[in-house]
Amino acid sequence: DIFEEHENLPPLALRRLKSEVARDLPAKVRILHPRAMSSTQSQTYELARDKLALGNKGAALKMLHHIRSVSVHPAVTAIEEQDAFIELSGRLKACFEILDGIHRKGERALVFIEHVQMQHRFIEILKIRYGLDHVDLINGSTAIHHRQQIVNRFQRHLDTDQGFDVLVLGPKAAGTGLTLTAATHVIHLSRWWNPAVEEQCNDRVHRIGQTKEVTIHIPMAIHEDFREHSFDCLLHSLMNKKRRLASSALW
């Protein structure tokens with residue numbers, strides 16, 4: 001009777017958390033991977049930071065988004081070959097160090113990337129670096145029926161383990177409704193402002209049906225002068241505060 005009205009008050013409902021209900025789920029481990037920015041990334045970051053300090057509110061918001069993008073990579077359209085392109089970004093360098101380890105173990109990973117240009121550039125590097133014939137992408141342009149085909153192809157590893165594989169996804173497009181338990185690693189190359197969206201991305205892997213420990217990897221680009229005041233550190237701190245606030249306020 002808790003779902004009935006009482007004295008003109010709305011009915012009560014009980015919230016069930018996955019941590020309480022799915023107690024047999026394996027552990028979910030989070031690892032930060034800080035790496036120093038390259039000189040090019042540091043210089044581009046400093047220039048954007050200086051402009052941010054001088055801009056009005058509208059310009060400041062635009063420049064803040066630019067700093068966020070630079071922290072992923074300072075020159076997504078650069079024509080450098082793959083190794084040089086990776087070395088330009090501390091975050092990208094950390095990401096491929098993580099993937100090298102996953103590749104050696106023959107395991108599978110989801111990589112979440114917001115920027116469309118980076119999604120496609122990243123996939124081309126994956127193919128060359130690891131000799132992959134095909135790497136799938138799920139983003140806002142992926143048709144619903146094609147999304148399911150991609151999921152089915154990736155999940156085939158549960159029946160016949162074919163070793164190392166990577167699926168690239170946009171965080172908003174793939175945040176809900178997908179089961180990708182064939183992966184045991186999640187890498188957030190670019191992060192959404194909202195930690196709830198990031199948790200939805202993690203839950204594509206860490207959900208009922210998962211039998212192995214899941215590792216969440218956060219590559220970070222650190223400016224050698226600003227260190228803990230670099231954008232990636234400030235963003236991580238902000239997202240942790242939001243998580244704590246949501247936890248204390250909602251459940």
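Checking the a/c ratio against 1.5 first, then a/b against b/c, what shape does the Cα gyration tensor give for the range 25-145? Here the range 25-145 falls in the prolate category. Counting only DSSP beta bridges with both residues in the chain, the antiparallel share comes to about 5 percent. Of the residues THR142, SER230, GLN41, the one whose Cα sits farthest towards the positive end of the charge dipole of the chain is SER230 (charges of +1 on Lys and Arg Cβ, -1 on Asp and Glu Cβ, taken about the Cα centre). Nonpolar atom fraction for the range 1-133, defined as the carbon and sulfur part of the 1.4 Å probe accessible area, stands at 54 percent. Among the protein heavy atoms, those of HIS229 account for about 110 Å² of accessible surface (1.4 Å probe, every chain in place).
The spacing between the range 151-205 and the range 67-100, judged by their C-alpha centroids, is 21 Å.
Other residues with beta-carbon under 13 Å from the beta-carbon of VAL29 carry, at +1 per Lys or Arg and -1 per Asp or Glu, a net charge of +2. Per residue, the convex hull spanned by the Cα atoms of the range 94-172 measures out at 92 cubic angstrom.
Segment HIS120..ARG244, full-extension length gain: 41.2 nm, with 0.36 nm per residue of separation and the alpha-carbon distance subtracted. Among the listed pairs LYS172/LYS241; LYS51/LYS93; LYS28/LYS105; LYS105/LYS212; LYS57/LYS93, a Cα-Cα separation exceeding 23 Å is found for LYS51/LYS93; LYS57/LYS93. Counting charges near ALA48 (Lys, Arg +1; Asp, Glu -1) among other residues having Cβ under 11 Å from its Cβ returns a value of +2. Accessible area per residue for the chain is 55 Å², calculated with a 1.4 Å probe on protein heavy atoms, without ligands, DNA or RNA. For the range 193-206, putting each phi into the Karplus relation 6.51 cos²θ - 1.76 cosθ + 1.60 with θ = phi - 60° gives couplings of 5, 8, x, 5, 5, 5, 5, 4, 5, 4, 6, 5, 9, 8 Hz, in residue order, rounded to whole numbers and with x for Gly and Pro.
The values are calculated or read from the model by the stated rules, or taken from the named source; none is laboratory data. Only a predicted model underlies this, so the values are computations on that prediction, with no experimental measurement involved. All Cβ positions, glycine included, derive from the backbone under ideal geometry; neighbour counts span all protein chains shown. These accessible areas exclude ligands, DNA and RNA; they are computed on the full protein's heavy atoms, side chains included. Shrake-Rupley method; radii C 1.70, N 1.55, O 1.52, S 1.80 Å.
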